[in-house]
Amino acid sequence: MIKINKNFLELQDNYLFSNINKKVESYLEKNPNANIIKLGIGDVTRPIPSSIVEKMKKAAEEMQYEDSFRGYGPEQGYEFLRKKILESEYKDLDIDLDEIFISDGAKCDTVNIIELFDKDIKVGIPNPVYPVYLDSNIIYGTSGKYIVEKNEYENIIYINFTEENNFEPLPEELEQIPDLIYICSPNNPTGTVMKKDNLEKWVKFAKKNNSIILFDAAYEAFIKDEDIPHSIYEVSGAKEVAIEFKSFSKTAGFTGLRCAYTIVPKNIRIMNDGKEVSSNKLWNRRQSTKFNGVSYITQRAAESVYTEEGKKEIKDNITYYMENAKIIKNGLEEIGIKTFGGVNSPYIWMKTPNGIESWRFFDVLLEEYNIVGTPGVGFGTNGEGFFRLTAFGNKFKTIEAMERLISKKEIIFDLI
Ligand code: PLP
């Protein structure tokens, strides 16, 4: 008899974005003329730079001639792109070409990588978190059962991101030792970053305890401060304990095009029954079996991200978003709201006025100001009392949103 994977039944329904949409739709039904400004989206809005689109057109044309047509590509990605990534992103970091794997998304890679590990490992997951890390562990079976009273999973070690630790937790704060540790920097949803000395502590911790770090740097391109690592391999010893994920999604507007890459160092060796197993070999085998590679046209597009023109156009887009981040951060601070992030990241994590619940703040923002954001509690229990705004919107609308808040600031501060 056919049976389902019961782990799916452990998933808690995540109504975050559907609830947001429902609330907005219902508000618009009653107020059809409302001019809603959306500052909740985690998707980019700037189009793909023209120099990249031109390269895609050229690559598409190649497909129509017998001598330049390409069929199945290498599952690990074309060498032209891997070489470009190596030269441009990992020049002095001692990474080899066969440690770079091209994929169609950091989301899929952070999900699929768990297949390399046993189901009885302990996984350390941030709270609040990019929900994909948690849900993929629930589906795979590493999370164990959901404990209703605690609103937690029995086998997950929660890494608490709180105001007290400045949303930059350290390994010594953990009560148990995770075998697998998710670190996302710049962080979604808090917008905060991991400084080098703190990252060093995590790498040391992982080395000491034979743990592996999954380092998600999908927002690396937004880092502005010079002392913030763009790659975990800037930390000495990380090549023995860390797998890194990067993506063209937010960097170059590829959220609809799909291209990312993952570094699985050969130095990461996992002991199995007294024998060493290379995680690089396992991942290579996994990708060769289950993944068909990213389209040639898309990989040519990704390659052109590194041309002089591509770099300039991408930088302009990032500057545009980071100006929005500044507008939001300054606007909120002007009216006395405490904010985190938004300096090296497109996300601004704000404390709700008078500590009101995130969903209540959502309603007030929608109804009084016609602004939409994301309630922090939707990312985990530690997100209660916080709210996420993003810099991915239109600049003029972002300015207008802040003007609305500033002009009627007393409303939110009267809330208790
Ligand atoms: N990692 C984080 C932290 C994200 O917030 C996102 C998307 O929002 C992703 C990964 C997904 O990246 P990609 O588009 O490459 O799948």
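No lab work stands behind these numbers, since they all come straight from the coordinates. These figures come from a predicted structure and were not determined experimentally. As a convention, Cβ positions derive from the backbone with ideal geometry for all residues, glycine included, and neighbour counts pool all protein chains shown.
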Single residue of the range 376-396 satisfying the filter (surrounded by fewer than 22 Cβ atoms within 10 Å (Cβ to Cβ) and of a type in the set (Val, Ile, Thr)) that is farthest from Asn151 (Cα to Cα): Val377
Any hit, the range 208-221, residues being touching a residue at least 12 places away in the same chain (Cβ under 8 Å) and of a type in the set (Lys, Arg): no
Exclusive hit being within 16 Å of the ligand (Cβ to nearest atom), under 14 Å from the mean Cα position of the chain (by Cα), under 22 Å from Glu89 (Cα atoms) and in contact (Cβ under 8 Å) with a residue 40 or more places away in the chain, set Tyr133, Tyr182: Tyr182
For Lys208: the one exception among (1) away from the ligand (no atom under 13 Å from the Cβ); (2) surrounded by 21 or more Cβ atoms within 10 Å (Cβ to Cβ): (2)
Asp197 surrounded by fewer than 16 Cβ atoms within 10 Å (Cβ to Cβ), of a type in the set (Asp, Glu), farther than 23 Å from Glu276 by Cα and away from the ligand (no atom under 16 Å from the Cβ): yes
Sole residue being without any contact (Cβ under 8 Å) to a residue 24 or more places away in the chain, surrounded by 13 or more Cβ atoms within 10 Å (Cβ to Cβ) and closer than 30 Å to Tyr369 by Cα, chosen from Leu39, Leu28: Leu28
Extreme residue, nearest to Cys259 (Cα to Cα), among residues of the range 85-113 that are in contact (Cβ under 8 Å) with a residue 60 or more places away in the chain, out of contact with any Gly (no Cβ under 9 Å at 6 or more places or on another chain) and of a type in the set (A, V, I, L, M): Ala106
